[in-house]
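Notes to accompany the following structure.
The values are calculated or read from the model by the stated rules, or taken from the named source; none is laboratory data. Every value quoted in this text rests on a predicted model; they were computed, and no experiment measured them. Note that each Cβ is placed from the backbone with ideal geometry, even for glycine, and that neighbours are counted across all protein chains shown. These area figures cover heavy atoms from the full protein model, side chains too; ligands, DNA and RNA do not enter into them. Shrake-Rupley method; radii C 1.70, N 1.55, O 1.52, S 1.80 Å.
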Amino acid sequence: MPYILIVEDELPIAQSIAYTLKREGFDVTIATDGAEGLRLALGTPSPSLVLLDLMLPSMDGLEVCRTLRQRQRSWIPVVMLTAKAEAVDRALGLEIGADDYLTKPFSMRELVARVKAALPGGGSNSTAALTRN
Amino acid sequence: MAQHPWSLRWLIGGIYFIIMIVLLGALLLFFIQRIESDNMATVLSRLRGQARLGADLLVQRIETEYFATKTSRLHNQRLLGADVLAAQGDVGQARLLADLLDYARNSDDAKQTLRRVHVNAGARRVLLLDLDGTLVATSTNYAANTLPDDFAAVSPEVRAAIDGDSGLGDNIRYDEQAGEDIAFIAALVHVKTLVPPTSKMEKTRTHLVPLGVLVLAAPLTDVKDKIGGIKLAVGLTFLGVLVLLFFINSGVSNYISEPLQTLSRAAERFATGDLQQRIIPTGAGEVASLGASFNDMAAQLRVTITRLAEERAQAEAILTSMVDGVLVTDLTGNIVLMNTMAEVMCNVSEEQVLGKPLSDAVLHFDILDLLQKTLDSALPNKLEVTFTRPTERVVEVHVAPVTVGEMLIGAVIVLYDITHQRRLEQVRRDFVANVSHELRTPVTSIRAMAETLADADGEDPELARDFMTTIISESERLTALLDDLLQLSQIESGRRLITPQALNIAEVIRHVAQRVLGPITARHQRLVLTVPEVLDGCADRDALVQILVNLIDNARKYSPEGSAIRVTAEQDTALRIRITDDGLGIPEADLERIFERFYRVDKARSRAVGGTGLGLAIVKHLVELHGGWISVHSELGVGSTFTVTLPSPAAPPAEAGELPAGQESPATRPAS
């Protein structure tokens, strides 16, 4: 069962995502700051995917992502979540190794679809998720 | 300034004087010459006459006396001497002549006659010589042997008298015996003989036979003295005239040169910049009008120079006080002018780089290229560059050609410091980004929860309740944020007006304390007021309430449960309200930034306590609208004190106090 790490300091958002993803059949863990997120991402079990907020206390999302990539965990897909909508942020996020990018506020269905798409070999699942909804 | 060695005064006076001396000298010499020669001629002529007369008289006397004594002896014939001589024949004639000379030598008559001549002519001596030059008789007891043997031979006058046609000779020479110049006049003494006619057609002719020579030696001392006297008189007159001339001359030249010298000195003073002085126009017409012209010129120069100096000072003042850097270069790109701001921006002083290439002042290749481009094309250019030294500045560089008429003479470089502008733009961009972020977060929460609830479809009632509560609180957070944003926007755009009025500040504080009591007691905190019963102040009530609410709320949020929040107010030179908490404190690095919009020392904490990130920014604006200021003192782990200082009611801010009393603050009060 895929295990998804949510790194998001806004608890209402994190809880909503967690609830939805659980309903979709994922294992979910929430980290509320960057440092904790990084620790969990590098720990065991390794997450199948990281949902990473950009603006986080103690260590921001970009830093977490960059560190993650440097620690040879490049295979873990990272989907960034951010309230910053500017193109430059999106480009930066993708450049340092994020696999996808979601701008707040986002549709929960879109989030689920993107998570599934980003998961290794999960292309058909995402289509299934979209059609199911 | 060096005086010219030949001053006009000496040129005019000297030349004039020398000419006068030469002319007068020549005239004088001529006159003296004339007087001398005229006098000499007169004297000689008189002496010649005397000598001639003397010679004739002598012959007459000798003949008369000789024949008077001889008549009886000679056949009692009453014959004239001439006849006698004629009758004697050549031999007899020679004997007779010798007789006559002999007679003259011995007779007193001859001597008397000579003496008469001597007296008449004022001579030193009168001699009678025979034709050989031998002394026959003298007017004085002149010793015959004192005469040189060759007297007749060496005496030009004797030779002239004997050989010449006129029978007269003269010579002037220095006589050693007498020690003076002597005029020697010689006159031939001849006896008249009758030559009987040889035919009927002829008459009896007179034939003159020379007997001897009468030499008259007259001293010239008198003449010389006379001439000397005349010379002296003329010389003195000459000197007198010279002296007179000298004075007239120097007077005239002074009259001409003195005003000129005055003008010259004045011109020198003009040259040194003293244009105050005035020349009193003196001297001849032209010189006086020259002086007047000088005065006019000085006055006009002064006006012009003053105007130029004023213009220059004005231009300099403008350049110096300009907030933009200004550099001016010539055609070759060398700096000819640099104002204070340019010095500051380029971190050089004008003296260091004046006359040097622009690169000495601004080592920025883009600017140097731009200058070259402008100098080549004579068209203005602009560019934005960043200076790194002495401080980082964003500078907009304008390079414009400087032309005089059609001719390009250089370029002016204006440096606009747009750092502040760029920083403001950055702040604004950051703010917009922040606002976007701050608004998106609650909206995201609400949307995510609402969607989740919709999907859950009533599966989990507890979760639903929980999410509903969060949705409501997130909506409230959104509302508070919108309120604060609106308020901030109104304050910053100047639409939020405050109306300070006399207030009992203590009453306002107590009112606020009542209002905020609920949330405080909810956290078991205490609010301690140290406020006098009445504290007169001057403030906009609504604004003051908001300031206090925001500050107390801030203190409440960042202090632990059960702690105390103290509010004190006092009035000395100004009204001071302090809000002190025993909270976390603020790190020193953050102290000066806590009044910035959306600045949070600890984001998680801020969100946890529900702050908008705008409260302190609003407080700062409102305090400053009252003409007051806010300061913060904090110690980590001990607590923070915010101090609001408002101007004393005695001096309410003038512009605010003039607002209509009834005007309400247009601000929408936040329900914080």
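Using a ≥ b ≥ c from the Cα gyration tensor of region B:337-380 (square roots of the eigenvalues), is it rounded, prolate or oblate, where a/c under 1.5 gives rounded and otherwise the larger of a/b and b/c decides, a/b for prolate? It comes out prolate by the Cα gyration axes.
Site-free segments of chain B were taken between GluC sites (Glu not before Pro) in DSSP loops having at most 11 other Cβ atoms within 10 Å, sites themselves excluded; the longest one is B:203-391.
The heavy atoms of B:HIS626 offer some 0 square angstrom of accessible surface to a 1.4 angstrom probe.
For B:TRP10, tell me the accessible area in Å² from a 1.4 Å probe, rounded to the nearest 10. We get 150 Å² for B:TRP10.
Peptide B:427-438 shows a mean partner chain C-beta count of 2 within 10 Å per residue C-beta. Between B:THR530 and B:ILE21, the modelled labels are 11.0 nm apart [label points 7 Å from Cα along Cα→Cβ]. The count of lysine pairs in chain B that are at least 8 places apart or cross chains, and whose C-alpha atoms lie under 27 Å apart, stands at 11. Heavy-atom accessible area, probed at 1.4 angstrom with all protein chains present, ranks B:PHE30, B:PHE642 as B:PHE30, B:PHE642, highest first. Looking at chain B, the DSSP beta bridges with both ends there are about 95 percent antiparallel. A 1.4 Å probe run over region B:251-349, with the rest of the protein chains in place, finds 57 Å² accessible per residue. Across chain B, Cα-Cα distances exceeding 40 Å account for 70% of all pairs. Figure note: A:LYS84, A:LYS104, B:LYS192 ranked by solvent-accessible area, largest first, 1.4 Å probe, ligands and nucleic acids not counted: B:LYS192, A:LYS84, A:LYS104. Taking amide hydrogens as placed 1.01 Å from N in the peptide plane, the amide H of B:ASP175 sits under 5 Å from those of B:GLU180, B:ASP181, B:ILE182, each at least 5 positions away in sequence or on another chain. Per residue of chain B, the DSSP helices (runs of n ≥ 4 H) give a summed -39500 (n - 2.57) that works out to -18500 deg cm²/dmol at 222 nm.
Chains B and A together bury some 2100 Å² of accessible area, summed over both sides, with a 1.4 Å probe.
Full extension of the chain between B:LEU636 and B:ILE230 yields a length gain of 133.2 nm, computed as 0.36 nm times the residue separation minus the alpha carbon distance. Loop-resident trypsin sites (Lys or Arg not before Pro) (DSSP state other than H, G, I, E or B) in region B:460-515 with no more than 10 further Cβ atoms inside 10 Å of their Cβ: B:ARG495. Label-to-label distance, B:VAL609 versus B:ARG269, with points set 7 angstrom from Cα along the beta-carbon direction: 8.2 nm.
Considering only alpha-carbon pairs that sit under 8 angstrom and 6 or more positions apart, the relative contact order computed for chain B is 7 percent. Other residues within the sphere of radius under 11 Å centred on the Cβ of B:VAL512, judged by their own Cβ, net out at +1 (K and R +1, D and E -1). Let me know the shape class of region B:203-345, please: from the alpha-carbon gyration tensor, a ≥ b ≥ c as square roots of the eigenvalues, rounded when a/c is under 1.5, otherwise prolate if a/b is greater than b/c, or oblate. In terms of gyration-tensor shape, prolate. With only the Cα atoms considered, region B:396-460 has a convex hull volume of 99 Å³ per residue. Full extension of the chain between B:ARG34 and B:VAL303 yields a length gain of 89.9 nm, computed as 0.36 nm times the residue separation minus the alpha carbon distance. Once the Kirkwood radius over Cα pairs is known for region B:542-647, the Stokes-Einstein relation at 25 °C and 0.890 mPa s delivers a diffusion coefficient of 177 µm²/s. Once the Cα-Cα distance is subtracted from the 0.36 nm per residue extended length, the B:ALA450 to B:GLU392 segment shows a gain of 16.0 nm. Counted by Cβ distance under 14 Å from B:VAL303, the other residues give a net charge of -1, where Lys and Arg count +1 and Asp and Glu count -1. Taking a point 7 Å from the Cα of B:THR521 along the Cα-to-Cβ direction, the residues of region B:553-584 with backbone N closer than 15 Å to it are B:562. Placing a pseudo-label 7 Å from each Cα along the Cα-to-Cβ vector at B:ALA502 and B:VAL432 gives an inter-label distance of 4.9 nm. The accessible surface of the protein assembly as shown, taken with every protein chain in place and a 1.4 Å probe, is 56 percent carbon and sulfur. Working from Cα positions, state the angle (0 to 90°, nearest 10) between the long axis of helix B:108-121 and the longest principal axis of chain B. On a 0 to 90 degree scale, this one is about 20. Counting only protein heavy atoms and using a 1.4 Å probe, the accessible area of B:VAL252 comes to about 70 Å².
Using only the Cα atoms of the protein assembly as shown, build the gyration tensor, take square roots of its eigenvalues as a ≥ b ≥ c, and label the shape rounded, prolate or oblate: rounded if a/c is under 1.5, else prolate if a/b is larger than b/c, else oblate. Prolate is the answer for the protein assembly as shown, as a/c is 1.5 or above and a/b outweighs b/c. Centre-to-centre, using Cα atoms only, region B:300-379 and region A:1-38 are separated by 64 Å. Please list log₁₀ I(q)/I(0) at q = 0.12 Å⁻¹ for region B:289-434, using the Debye equation with identical point scatterers on the alpha-carbon positions. For region B:289-434 at q = 0.12 Å⁻¹, log10 I(q)/I(0) is -0.60.
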